[in-house]
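**Student:** Here's a structure for you.
The values are calculated or read from the model by the stated rules, or taken from the named source; none is laboratory data. Every value quoted in this text rests on a predicted model; they were computed, and no experiment measured them. Methodologically, a virtual Cβ is constructed for each residue, glycine included, from the backbone with ideal geometry; neighbour enumeration extends over all protein chains shown. Remember, those area values only see protein heavy atoms, side chains included, never the ligands or the DNA or RNA. Shrake-Rupley method; radii C 1.70, N 1.55, O 1.52, S 1.80 Å.
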Amino acid sequence: MSYESDFLQSLRRLATDPAARGLTDDAAVLGLGERSLVLTKDLLVEGVHYLPGDPPADVAWKLLAVNLSDLAAKGARPCGVLLGYSLGEEAWDRAFVEGLGGALQAFGVALLGGDTVKAPPGAPRTFSLTAIGEATGAVPSRGGAGAGEQLWVSGTIGDAGAGLRSLRGGIDAAQSLIERYRNPRPRLGAGEALAPLVTAMMDVSDGLLIDAARMAEASGVAVRIDLGDVPLSGAFLEALGSGRDARLFASTAGDDYELLFAAPAEAGAEILRLSERLGLPLSRIGGFAAGAGLRLTDGGDEVSMPERLGWEHG
């Protein structure tokens, strides 16, 4: 068990309100009669979640987008956000505010308040955002997948990881991949449309493999992923190819902010119709079975588990 997992386990003893969902989900869900408030908080830390040279407007966009992605995974519509901000260089801070304004306008989200603090000189910039959403009907959790159900994912996987590798000088990659790293697009419309069809849903933030394993663990089942079915973009294929190593990289890199969801087989046709209506690929990449753990295949071949399934904080 990682230190992060151990620390979260200690917090779970404190999070006894049902709205906290045992701290096993991406958001808290507070029931208010026929609707629910969905609340989530994500942080960005310089050098961990973004590169020191990333433009401040892009950092602002990413801070908002990753929080809205958690709302999307609960089928919630965003109502507003609260900002926690560490003050630094004035010109950088002003550019961040301008970028945040553009992002708020793009997603139609209100800034409701927050707090600021002056960071010590040389400290990494750290920001947090609390996003508040509203949902009607059942709010899917990570933990509802059942044996015999199918595993699906939206969009394409690995683009942001390839963009980050390019920014670090590892490969030559299209600008579109860098944009996927710096400017993720939360699948808000898709999340709201999928919520009535799925049994479990979360976003892919730390890596497809590690997040699928977390869904399976929360659901008390085993999960299988076929690497050959993991959707890759044309830009990714041009930069890294379609071989097994490239697919393993895509599946462990993280920062995708796509929707990962479980659904019964009989919902498959409706999911494909929804994919066509949204103009967004929704791809079946595996399934769930009785048992525990993660299994990888590639076509008919069994694939050894990589040393690293995705991102963990320590």
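**Student:** Using the basic label-point model (7 angstrom from Cα toward the beta carbon), what is the L30 to L43 distance in nanometres?
**Tutor:** Label at L30, label at L43, 2.2 nm between them.
**Student:** With r defined as the distance between the Cβ atoms of A289 and D115 and R0 fixed at 51 Å, what FRET efficiency is calculated, to the nearest 0.05?
**Tutor:** Efficiency for this residue pair is about 0.65.
**Student:** A further question on this structure: Which percent of the accessible area of segment 201-314 is formed by carbon and sulfur heavy atoms (probe 1.4 angstrom)? Please list the in-between numbers first.
**Tutor:** Working: 2280 of 4860 Å².
For segment 201-314, the apolar C and S fraction of the accessible surface comes to 47 percent.
**Student:** Sticking with this one: Between segment 23-65 and segment 160-227, what is the C-alpha centre distance in whole Å?
**Tutor:** Cα centroid of segment 23-65 versus Cα centroid of segment 160-227: 15 Å apart.
**Student:** Tell me the per residue accessible area of the chain using a 1.4 Å probe; a whole number in Å² is fine.
**Tutor:** Normalised by residue count, the accessible surface of the chain is 44 Å².
**Student:** Defining a contact as two alpha carbons under 8 Å apart and six or more residues distant in sequence, what relative contact order in percent does segment 83-242 show?
**Tutor:** Normalised by residue count, the contact order of segment 83-242 is 27 percent.
**Student:** Something else about it: Report the full-extension gain for the segment E134 to R273: residue separation times 0.36 nm, less the Cα-Cα distance, to one decimal in nm.
**Tutor:** Full extension from E134 to R273 adds 47.5 nm.
**Student:** For the residue pair Q9 and Q105, what label-to-label distance in nm results when each label sits 7 Å from Cα along the Cα-to-beta-carbon direction?
**Tutor:** The answer from the label model is 4.9 nm.
**Student:** Further, regarding this structure: State the percentage of accessible surface on segment 1-110 attributable to carbon and sulfur atoms; use a 1.4 Å probe and exclude ligands, DNA and RNA. Before the final figure, lay out the partial values.
**Tutor:** Values: 3130 of 5300 Å².
Exposed carbon and sulfur together represent 59 percent of the surface.
**Student:** Given R₀ = 25 Å, FRET efficiency for D93-L51 by Cβ-Cβ distance, to 0.05?
**Tutor:** Values: r = 18 Å, r/R0 = 0.71.
E between D93 and L51, to the nearest 0.05, is 0.90.
**Student:** Determine the gain in length on full extension of the stretch R244-A19; use 0.36 nm per residue of separation and subtract their C-alpha separation, reporting nm with one decimal.
**Tutor:** The R244-A19 span can extend by a further 76.9 nm.
**Student:** Connecting C-alpha atoms closer than 10 Å in a GNM of the chain, tell me which of V204, V139, V45 has the biggest fluctuation.
**Tutor:** V45
**Student:** With a ≥ b ≥ c taken as the square roots of the eigenvalues of the C-alpha gyration tensor of segment 1-57, please select rounded if a/c is under 1.5 and otherwise prolate if a/b is larger than b/c or oblate if it is not?
**Tutor:** Details: a/c = 4.63, a/b = 1.46, b/c = 3.17.
It is oblate, given that a/c is not under 1.5 and a/b is not larger than b/c.
**Student:** Find me the longest stretch of the chain that has none of the exposed trypsin sites (Lys or Arg not before Pro), where exposed means in a DSSP loop (not H, G, I, E or B) with at most 15 other Cβ atoms within 10 Å.
**Tutor:** Answer from the scan: 14-167.
**Student:** Round to the nearest 0.05 the FRET efficiency obtained for D301 and S2 when R0 = 25 Å and r is the Cβ-Cβ distance.
**Tutor:** It comes to 0.30.
**Student:** Checking the a/c ratio against 1.5 first, then a/b against b/c, what shape does the Cα gyration tensor give for segment 109-243?
**Tutor:** oblate
**Student:** Please list, in order along segment 105-118, the HN-Hα scalar couplings obtained from phi with the Karplus expression 6.51 cos²θ - 1.76 cosθ + 1.60 (θ = phi - 60°), rounded to whole Hz, x for Gly and Pro.
**Tutor:** Computed from phi, the couplings for segment 105-118 are 5, 4, 9, x, 10, 9, 7, 9, x, x, 7, 10, 8, 8 Hz.
**Student:** Another question, then. Can you check what the Kirkwood hydrodynamic radius comes to for the chain, Cα pairs only, in Å to one decimal? Don't jump to the answer; show the numbers that get you there.
**Tutor:** Values: mean 1/r = 0.0501 Å⁻¹.
Roughly 19.9 Å, rounded to one decimal.
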